[in-house]
Amino acid sequence: MLHEPKSASLLISTYNWKESLEMCLLSAFRQSLLPQEILIADDGSNDDTAELIRNFSKIAPVPLVHVWHEDNGFRLAEIRNKAIAVAQGDYIVQVDCDIIMEKHFIEDHCRLAKPGVFVAGKRTFLSQRKSKHIFQKKEWEPIHFWSWGVDMARRKNTIRSSWLSRCFSKWESLGTKRLLGKMGANVAFWRNDLIAINGYDENFVGYGYEDADLFRRFIRFGLQCHNLRHLAICYHLYHPPRRGEVNRKNQESYLDKQKAIHCELGIDRHLGNREHLIRQ
């Protein structure tokens, strides 16, 4: 163990896909090390998502905190800031609702927590057929490298091994091209580090680049990226690709090499507003 956080919050972002959120939550409830709380960053879902969260709150082993704002387009950066603003944990483990976490996911991230570092993990991509089967059964059967008859991409990412992780993980100060490959669906960072750079830049509206921008500012702030392999295993449920939906303004903002480390429109405007951010 390195510098395990005193408490960790699991952050799940979602939007109008309650079936996927249900499977993600079930995997969170079965973790070998439970987070202090589960924050659901809801970018304007309909009432059926709120109903699902209320029902799951009755069986959840830890508090479910529903942070919601009205649907006014794709505002992932803003809703993540709002959720992190109310977080009680000093370490944030972040996924999207289309992620199913292997049972050691939270434990692995917490054991790897280290000052001056944020962690970017990998995913295995499940096929449309396998994802449909999971939704129909509403049950998760553990998948590993030797699982026969399971269609998935990046199968090697299912192998959980501390030894392989030490061999193949990297500590990086990343360049622009590599940052684009890092997504917020399997990331962990210290809450204070995020607050120090004012969180996600909420000028990123619409799909694309809000994650890469945050990671680049983390690097400029002086953090290293632990490019993690073979630990914190997770599985990505199938959905149609979003190609062609990237917001051009987001791309231009990300490519602006003069951009400051500390963003102007960020998490600071949500801190201290816990009672107004949480949906009852």
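Residues that are assigned to a loop (DSSP other than H, G, I, E, B), farther than 30 Å from SER162 by Cβ and of a type in the set (A, V, I, L, M, F, W, C) are absent from the range 32-43.
Being over 22 Å from ILE219 (Cβ atoms) and surrounded by fewer than 24 Cβ atoms within 10 Å (Cβ to Cβ): is that true of PRO115 here?
So PRO115 does not fit the description; no.
Would you confirm, using the coordinates I've provided, whether LEU21 is at pLDDT 95 or above, assigned to a strand (DSSP E or B), surrounded by 23 or more Cβ atoms within 10 Å (Cβ to Cβ) and not acidic (Asp, Glu)? Against the criterion (at pLDDT 95 or above, assigned to a strand (DSSP E or B), surrounded by 23 or more Cβ atoms within 10 Å (Cβ to Cβ) and not acidic (Asp, Glu)), LEU21 does not qualify. Looking across ILE143, ILE84, ILE99, one residue alone is under 30 Å from PRO240 (Cα atoms), of a type in the set (Val, Ile, Thr) and modelled with pLDDT under 85. It is ILE143. Of all residues in the range 123-132, those satisfying the criterion of being surrounded by 15 or more Cβ atoms within 10 Å (Cβ to Cβ) and out of contact with any Leu (no Cβ under 7 Å at 6 or more places or on another chain) are ARG123, THR124, PHE125, LYS130. Screening the range 73-148 for helices (runs of 4 or more DSSP H) wholly inside it with 1 or more residues that are among the aliphatic types (A, V, I, L, M) and farther than 21 Å from VAL62 by Cβ returns the ranges 76-85, 128-137. Taken over the range 55-72, the criterion of being outside any strand (DSSP E or B), of a type in the set (Phe, Trp, Tyr) and more than 21 Å from ILE106 (Cα to Cα) is satisfied by no residue.
Can you say whether LEU52 is part of a helix (DSSP H, G or I) and either on the phi > 0 side of the Ramachandran plot or in contact with an Asp or Glu (Cβ under 9 Å, 6 or more places away or on another chain) (or both), as far as the supplied structure shows?
Yes: the conditions hold for LEU52.
Checking every residue in the range 186-197 against the condition of being among the acidic types (Asp, Glu), open to solvent by less than 50 Å² (accessible area, probe 1.4 Å), within 30 Å of LYS130 (Cβ to Cβ) and touching a strand residue (DSSP E or B) at 6+ places or on another chain (Cβ under 9 Å) gives zero matches. Would it be correct to say that LEU255 is under 18 Å from GLY184 (Cβ atoms), touching a residue at least 12 places away in the same chain (Cβ under 8 Å) and not β-branched (Val, Ile, Thr)? Judged against the criteria, LEU255 is not a match. Counting only strands (runs of 3 or more DSSP E) that fall entirely inside the range 162-280 and contain at least 1 residues that are modelled with pLDDT of 85 or more, the qualifying elements are 186-190, 224-227, 234-236. Kindly indicate the residue of the range 37-70 that is without any contact (Cβ under 8 Å) to a residue 40 or more places away in the chain and charged (D, E, K, R) and also farthest from ASN247 (Cα to Cα) among those meeting that condition. Filtering first and then ranking leaves LYS58.
The values are calculated or read from the model by the stated rules, or taken from the named source; none is laboratory data. What you see is a predicted model, and the numbers here were worked out from it, not measured in a lab. Positions of Cβ are backbone-derived with ideal geometry, glycine not excepted, and every protein chain shown enters the neighbour counts. Surface accessibility is based on the protein's heavy atoms, side chains included, excluding ligands, DNA and RNA. Shrake-Rupley method; radii C 1.70, N 1.55, O 1.52, S 1.80 Å.
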